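Structure first, commentary second.
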Amino acid sequence: MAVINLEAPFKERVANALGDSHLAPAVVRATDRMLQARHKAMNSIDGEGLRTQTRQMKEDVLRHLPDYLEQLERNFQANGIVVHWARDGVEAGEIVRGIGLQNGAKTVVKSKSMATEEIHLNHVLEQAGLKVVETDLGEYIIQLAGEPPSHIVAPVIHKRLEEIAEIFHEKLDMPRTMDPTEITSAARVRLRNEFFGAQMGVSGCNFAIAETGTICIVTNEGNGRMVSSMPKVYVVVMGIEKVVPTVEDALLQLQALTRSSTGQQMTVYCSMTSGPRQPDQPDGPEQVHVVLMDNGRLQMLERGYGEALLCVRCGACLNVCPVYQEIGGHAYGSTYNGPIGAVISPALAPEIARFKELPHATTLCGACRDVCPVKIDLPRLLVDLRSDLVEAKTNPRVEQLAIQGYVKAMSSREMYERGGKFASVASNLLAGLTGGEIKWMPPPLNGWTDHRDFPPFAKKSFREWWEERQKLRNRE
């Protein structure tokens, strides 16, 4: 598999992804499987009703976000949880690093978390001398490979079994094998030792219940429970939009999440933590810390993209996206990829132009909106982003001039007709030289003819044809 340089220009990343003959088949195979499971799970109940109820609940959270966050903080503190507020990713990373160093942590075990990927927490902790171990199997594999995740739910979706076997051989000195059971067993042995030796556990948060002060993380491997209960210090990094009002709301979102992501009626593990170990309890962490992180989320609300904060991180929009299926996740060059990433990444960034290409990495087919468990209108948000990017003058000068010229031509009947006549004559001349279809056109039009023939314009315009037809009728 080709290695994608995440620092390379967007077009280069996409070209590298398209040039990898193994990438698209691997992604399509996995995403199709998840989509089929989702379809079955949602159709076994009133899926549309579930989507509607979950959206209504999440909208209520955003409308009353300060109130719910204050209630959550009060109940966290009443349960013995230490609450930290972080304005951005740098501050959140410093808080977690400080907690680790203050408690003499040497090894940190992590459960899968997009929030910590968002702030590059592993790098922050490693810079401070802490050993960080991802304990989700997929995350563990890509950590060994030195890569970021390429999917919100299935981080190693882009790799084939042969590649995973080679990674384990190179990094863990494991004999090459194509048996998934042997590979999984080897990872389990390694990770179990890390769990026993770790001083601090870190996770994200699928949702936190305001009325009880409870943290909930959803996993299929049980590693989340070990991360949250075995080390003496447990730290949660949570985006401020992850709060839900009640236990009933948490169960509602859990159903929407699991059915839409992996097609399960219920995930294997839903681990809930309401505070540190009490004196009469045999196990659990001695300290629990929660970092409530903004990192651009309030800015998203101000910019008019608050609807994207309804996202429950199920990955369904990635699974159905034809663009994602062709280029995979790394080509996006950001923590969040696929249709939701094309909205979240520029909307979260301090400057919207940082990920200016992503809103254009979509067909606007609407499939992402149709599968979203909270009915986020992603196509509309992507069009809004494109509009904002134009207003910010982030598109190339040549493109701006081309669009201005197009608008001017379309506003004048005379220019429109002359342009059509010129296109007809020129394209038919080229077609005559190449045998009926245009095989080559000069830049930038060669972007079309590099991959397919270009049909020549009609020799007569519709208006000319219509006038001739009318004259014939009048003669009759």
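The values are calculated or read from the model by the stated rules, or taken from the named source; none is laboratory data. Since we're looking at a predicted model, the values are computed, not measured. With ideal geometry, Cβ positions are generated from the backbone for all residues, glycine too; neighbour counts draw on all protein chains shown.
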Within the range 335-380, residues being among the β-branched types (Val, Ile, Thr) and under 23 Å from ASN5 (Cα atoms) number 6
Test: ALA154 is closer than 28 Å to SER260 by Cβ, over 23 Å from the mean Cα position of the chain (by Cα) and of a type in the set (A, V, I, L, M): no
Within the range 337-358, work out how many residues are buried (at least 24 other Cβ atoms within 10 Å of the Cβ) and in a loop (DSSP other than H, G, I, E, B). 1
Counted residues in the range 17-69 being more than 21 Å from CYS368 (Cβ to Cβ) and in contact with a Leu (Cβ under 9 Å, 6 or more places away or on another chain) come to 3
I'd like to check which helices (runs of 4 or more DSSP H) are fully inside the range 228-331 and have at least 1 residues that are surrounded by 24 or more Cβ atoms within 10 Å (Cβ to Cβ). 247-261, 316-320, 322-327
Counting only residues that are more than 13 Å from CYS205 (Cα to Cα) and crowded, with 23+ Cβ neighbours inside 10 Å, the range 102-128 contains a total of 6
Counted residues, the range 440-476 - those being touching a Ser or Thr at 6+ places or on another chain (Cβ under 6 Å) and either farther than 18 Å from GLY419 by Cβ or not assigned by TED's automatic domain parsing to the domain that holds GLY419 (or both): 1
Mind listing just one residue for me: the one in the range 81-94 that is in contact with a strand residue (DSSP E or B) (Cβ under 7 Å, 6 or more places away or on another chain) and under 26 Å from VAL153 (Cα atoms) and, of those, surrounded by the most Cβ atoms within 10 Å (Cβ to Cβ)? ALA92
With the first residue restricted to the range 21-46 and required to be outside the structural domain of ALA256 (by TED's automatic domain parsing), and the second required to be among the small types (Gly, Ala, Ser) and surrounded by fewer than 16 Cβ atoms within 10 Å (Cβ to Cβ), Cβ contacts under 9 Å at 6 or more apart or on different chains are HIS22/ALA2; LEU23/ALA2
Do we find that LEU348 is over 27 Å from ASN79 (Cα atoms), among the aliphatic types (A, V, I, L, M) and in contact (Cβ under 8 Å) with a residue 12 or more places away in the chain in this structure? yes
Identify, from the list GLY146, GLY204, GLY213, GLY222, the residue that is surrounded by fewer than 16 Cβ atoms within 10 Å (Cβ to Cβ) and under 30 Å from VAL247 (Cα atoms). GLY222
Return the residue satisfying two criteria in turn: it lies in the range 190-216 and is of a type in the set (S, T, N, Q) and in a loop (DSSP other than H, G, I, E, B), and of such residues it is nearest to GLY98 (Cα to Cα). GLN199
Please identify the pairs in which a residue from the range 273-302 that is among the basic types (Lys, Arg) has its Cβ atom under 7 Å from the Cβ atom of a residue that is not in a strand (DSSP E or B), counting only partners at least 6 apart or on another chain. ARG277/ASP283; ARG277/GLY284; ARG277/PRO285; ARG277/GLU286; ARG297/ILE240; ARG297/GLU241; ARG297/LEU309
